[in-house]
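**Student:** One structure coming up, written as structure tokens, with questions to follow.
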Amino acid sequence: MNYFSYKIEHDYGLAPNPFGQYCTLTVCKPSIRKNKDLINGDWIIGTGSKQLKKLHNLIFAMKVEGKLTFEEYWDDVRFQYKKPILNGSLVQMYGDNFYHKDKNGKWIQEASAHSIVDKKMHLENDVGGKYALFSQDFYYFGNQSPIIPEKFWNVCSEGRNMKSKSIDKTIADSFIKWLRSNFNQGIHGDPINWSEYEQTKLIV
């Protein structure tokens, strides 16, 4: 089992997207999504940052159960509800299923909250990750993120890049046992950056 950890600077419910039956990581962090060492059963851990005022807090953790190409993800009946609707609820606005190709093999980036700013940069970064990752075995905390006990801080990435090979697996194994012993699977809070919206939209 491998562990991949990174620091989250923005949490809008997009990356990761925990809504519905699956937690998905489809955009951002291409270094994890395309990593040659990533296999089913590996854990991805996202921790807070100074920018979120959540340093060493656990934002989410997911045990990877599968990965799909963007076109497979676009077509998969399980993930149609993750196609964004800009005038919908916040959950719908931040859907992450918006990349596919036209008949000539050119990337199409459907309108989404993610693509409003710097569309070209996002496309290159996102599709460079090659895969959409999904899991039903996940814990998402958002604005209810707990502080990770200091004895497990080795699992946290302290820099801008993802952390993997330098994670002590004995510590990480104990961290997962702590997580499973203290929390139920699923969603425990709203995305942290949703506090920017003056009026909360209905979650559907």
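**Student:** Taking the stated definitions as given, is F183 crowded, with 16+ Cβ neighbours inside 10 Å and either closer than 12 Å to A61 by Cβ or touching a strand residue (DSSP E or B) at 6+ places or on another chain (Cβ under 9 Å) (or both)?
**Tutor:** For F183, the condition - crowded, with 16+ Cβ neighbours inside 10 Å and either closer than 12 Å to A61 by Cβ or touching a strand residue (DSSP E or B) at 6+ places or on another chain (Cβ under 9 Å) (or both) - is not met.
**Student:** Which condition from (1) of a type outside the set (D, E, K, R); (2) in contact with a Phe, Trp or Tyr (Cβ under 8 Å, 6 or more places away or on another chain); (3) over 18 Å from L52 (Cα atoms); (4) outside any helix (DSSP H, G or I) is the one that G129 breaks?
**Tutor:** Unmet condition: (2).
**Student:** So for segment 153-170 (the condition being exposed (fewer than 14 other Cβ atoms within 10 Å of the Cβ), modelled with pLDDT under 95 and within 16 Å of the chain's Cα centre (by Cα)), does at least one residue qualify?
**Tutor:** Scanning segment 153-170, I find at least one residue that is exposed (fewer than 14 other Cβ atoms within 10 Å of the Cβ), modelled with pLDDT under 95 and within 16 Å of the chain's Cα centre (by Cα), so the answer is yes.
**Student:** What's the number of the only condition in (1) assigned to a helix (DSSP H, G or I); (2) more than 20 Å from F4 (Cα to Cα) that P84 fails to meet?
**Tutor:** Condition (1) is where P84 drops out.
**Student:** Failed condition for T69, given (1) surrounded by fewer than 18 Cβ atoms within 10 Å (Cβ to Cβ); (2) within 14 Å of S135 (Cα to Cα); (3) among the β-branched types (V, I, T), with all others met?
**Tutor:** Here T69 clears every test but (2).
**Student:** Can I ask one more? Taking A172 as the residue in question, decide whether it is in contact with a helix residue (DSSP H, G or I) (Cβ under 7 Å, 6 or more places away or on another chain) and either assigned to a helix (DSSP H, G or I) or free of Cβ contacts under 8 Å to residues at least 60 places away in the same chain (or both).
**Tutor:** yes
**Student:** If you check A132 against the conditions, is it touching a Ser or Thr at 6+ places or on another chain (Cβ under 6 Å) and within 25 Å of G66 (Cα to Cα)?
**Tutor:** yes
**Student:** While we're looking at this one, here's another question. Take segment 1-58 and flag every residue that is in contact (Cβ under 8 Å) with a residue 40 or more places away in the chain, among the charged types (D, E, K, R) and over 19 Å from I176 (Cα atoms).
**Tutor:** Residues satisfying the conditions are E9, D11, K29, R33, K34, D37, K54.
**Student:** I've got another one for you. Please specify each residue of segment 187-202 satisfying the condition of being surrounded by 13 or more Cβ atoms within 10 Å (Cβ to Cβ) and either modelled with pLDDT under 90 or small (G, A, S) (or both).
**Tutor:** G189, K201
**Student:** Tell me yes or no: at least one residue of segment 31-51 is buried (at least 23 other Cβ atoms within 10 Å of the Cβ), modelled with pLDDT of 95 or more and more than 17 Å from S157 (Cα to Cα).
**Tutor:** For segment 31-51, residues buried (at least 23 other Cβ atoms within 10 Å of the Cβ), modelled with pLDDT of 95 or more and more than 17 Å from S157 (Cα to Cα): absent.
The values are calculated or read from the model by the stated rules, or taken from the named source; none is laboratory data. Because the structure is a prediction, the values reported are computed rather than measured. In this analysis, Cβ positions are derived from the backbone assuming ideal geometry, glycine residues included, and neighbour counts consider all displayed protein chains.
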